[in-house]
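Below you'll find the structure, written out as structure tokens, and then a few comments.
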Amino acid sequence: MGTIEGFLYGLELAVSPELLLAAFVGALAGTLIGILPGLGPVAGAALLLPLTFAYEPAVGMIMIAGIYIGTQFAGSMTSILLNMPGDAQSVVATFDGHPMMKNGRGGAALTIMTLGSFISGLIGLGIVLLVLPAVTGVAMRFGPAEFFALTAGGLLVLARISGGSLGSGLLPMIIGVALATVGLDVNTSTNRFTFGQVDLTLGVALASVAVGLYGLSELMFMLTGDAKRPKPKRFRMRELIPTKEELGRSITPWGRGSLIGFGFGLIPGPAAALSTFGSYKVEQSVSKHRRKLGTGAVEGVAGPEAANSSATIGSIVPVLMLGIPFSATLALMISAMTVQGVQPGPLLATQRPDLFWSVIASILIANVMLLLLNLPLIGVWIKLIMTPMRYMVPFIVIIASIGAYSINSNFIDLHIVLIAGVFGYFLRLLDFSPASLLVGLVLGSMIERYFVQGMVTYRGDLWAMVGASGISITIWALVAIVLFAGLLKPVWTTVKRKKREHVS
């Protein structure tokens, strides 16, 4: 089945009532989650995950994809209205979005942001359809050695570039991989690290860790910090219409940001956050109005927001084609598949074309729904932003507890939420990366499985497995460059200094 035929087939499936409802719920929930503090895309997806187990796997994947896309917009909305970014990728929106708000063009900034997200989503999907044949051909050549290189190497890269020092990403990653070993060993059918607790034989529930690590820890920060929030301005509909000049100045940044974002989405790490900063840096270099950036220039909103949305689309490609999540939210998408017996990886498009193409097509539908939902309901979103903390915190805690318990109907999951929440609070307080822990928890079992398969295939020869093919050698070489490039910088600086001294 070709890409065009596959996409049309997926679009036919995606307009079924069940999948349309899943896309709508995901888009709406993503917007709500992004606006309300205390729930990020990871915790929000974790709360909805148990609800999807009663339906076909496509429902869960589409809901999580909708949440993932919707939260990107909502976090940037609070950046523009309140100068309060909802997440790391929304920080750049404060650079020019909030100054536009102060200049009386906040409504136009919201419209440019929404249109940019929609257009970049279309561009991202177009690129996906173009690169799928090439990616499929490469993915089919992956064996245990290549998958081990991609999972273990990708996890190391994520720990390196997730922010802060190497240790701030590496330590949580190691903890996450260690937690993945808890429970029944599929190779020997023996319990590991359960300490006599029968409830732990199922392992540490990913959703419970996600809810505690992100949702509960964020509530702790809210309660221990300053709860006062500025009141956003109310907009009339005519204030949401950009001028012709603003729209004209946005077109080129939308295109540049879409390409930059999609490229970042294909690599391990916080793709959305890196893409927004990368796009803003490009606009500072090539924009005709570069001197106005930081004072309320539309290019500073259009480019990064297009990159934000396109990176989200691009990051879904490794999940569908290789079964490898490079973000915490997409790790939950993998969980939604594996719980229902669907094996993610290169064969997904051929073995389950209905699932593969319906998810691809539903991303387009979710983008359309976000466009129709966001601007007409801007007044509703502003009211939600101003929800008093005394109502918000108990509601979020109750929803989080119900969601965590409903996964396995196991009280130990509630204990995990509490422990993960306290641990996540201190991780963030000490500037460690919670995403490394969560992705380590997901990839830990994959790394172990591919390592064991590789050792059996290559008769215990580790070096033979590392150099099994050009693909694995290339992956490990790229990982080494990322890990050790920082160590070479002081050496390079010393060489340059000595060269200057020699010349002088």
Query - First in region 388-406 and closer than 18 Å to Val422 by Cα and modelled with pLDDT under 75, second anywhere and small (Gly, Ala, Ser) and in a helix (DSSP H, G or I), Cβ under 6 Å, 6 or more apart - result: Ala400/Gly215; Ala404/Ser208
Query raised in the report: Taking the condition under 19 Å from the mean Cα position of the chain (by Cα) and assigned to a loop (DSSP other than H, G, I, E, B), does Gly278 pass?
Result: no
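Each row is one residue, and each column tells you yes or no for (1) under 30 Å from Gly440 (Cβ atoms); (2) more than 21 Å from the chain's Cα centre (by Cα).
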residue	(1), (2)
Ala302	no, no
Ser315	yes, no
Met321	yes, no
Gly345	yes, no
Asp354	no, yes
Leu370	no, no
Trp381	no, yes
Requested in this report: Output the residues belonging to region 405-440 that are part of a helix (DSSP H, G or I) and among the charged types (D, E, K, R).
Outcome: Asp413, Arg428
Report task. Take the residues in region 33-44 that are assigned to a helix (DSSP H, G or I) and either at pLDDT below 70 or out of contact with any Leu (no Cβ under 7 Å at 6 or more places or on another chain) (or both), then tell me which one is farthest from Val439 (Cα to Cα). Result -> Gly34
Query raised in the report: Looking only at region 54-77, which residues are over 17 Å from the mean Cα position of the chain (by Cα), at pLDDT 70 or above and in a helix (DSSP H, G or I)?
Result: Pro57, Ala58, Val59, Met77
Query raised in the report: Do we find a residue being at pLDDT 80 or above, open to solvent by less than 30 Å² (accessible area, probe 1.4 Å) and of a type outside the set (A, V, I, L, M) anywhere in region 159-170?
Result: no
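Does Leu330 satisfy the condition of being farther than 26 Å from Gly444 by Cβ and part of a helix (DSSP H, G or I)?
no
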Query raised in the report: Looking only at region 484-504, which residues are at pLDDT below 75 and within 12 Å of Val157 (Cα to Cα)?
Result: Ala485
**Report entry** Inter-residue pairs, beta-carbon under 8 Å, first within 21 Å of Met140 (Cβ to Cβ) and in region 454-479, second among the aromatic types (Phe, Trp, Tyr) and open to solvent by less than 50 Å² (accessible area, probe 1.4 Å), 6+ apart
**Finding:** Gly454/Phe148; Met465/Phe148; Ile471/Phe142; Ser472/Phe148
Query raised in the report: Any idea how many residues of region 284-314 are over 30 Å from Thr329 (Cα atoms) and open to solvent by less than 10 Å² (accessible area, probe 1.4 Å)?
Result: 2
Query - Test for Thr350: is it modelled with pLDDT under 85, outside any helix (DSSP H, G or I) and either surrounded by fewer than 20 Cβ atoms within 10 Å (Cβ to Cβ) or of a type in the set (Lys, Arg) (or both) - result: no
Requested in this report: Report whether or not Ser436 is open to solvent by less than 40 Å² (accessible area, probe 1.4 Å), under 29 Å from the mean Cα position of the chain (by Cα) and of a type in the set (S, T, N, Q).
Outcome: yes
Query raised in the report: Given (1) surrounded by 21 or more Cβ atoms within 10 Å (Cβ to Cβ); (2) at pLDDT below 80, where does Leu179 come up short, assuming only one miss?
Result: (2)
Query - Residues of region 288-304 satisfying the condition of being over 19 Å from Lys102 (Cα atoms), modelled with pLDDT of 80 or more and part of a helix (DSSP H, G or I) - result: Gly303, Pro304
Query raised in the report: Quick check: anything in region 364-383 under 22 Å from Gly212 (Cα atoms) and either among the aliphatic types (A, V, I, L, M) or modelled with pLDDT of 80 or more (or both)?
Result: no
Query raised in the report: Does Ile447 satisfy the criteria of being over 21 Å from the mean Cα position of the chain (by Cα) and hydrophobic (A, V, I, L, M, F, W, C)?
Result: no
Query raised in the report: For the subset of region 315-327 comprising residues that are of a type in the set (A, V, I, L, M) and open to solvent by 10 Å² or more (accessible area, probe 1.4 Å), which member is farthest from Gly124 (Cα to Cα)?
Result: Leu322
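The values are calculated or read from the model by the stated rules, or taken from the named source; none is laboratory data. Remember, predicted model here, so these are calculated numbers, not experimental data. Please note: Cβ atoms are built from the backbone with ideal geometry, for glycine as well, and neighbour counts cover all protein chains shown. What goes into the accessible areas is simple: the full protein's heavy atoms, side chains included, and nothing from ligands, DNA or RNA. Shrake-Rupley method; radii C 1.70, N 1.55, O 1.52, S 1.80 Å.
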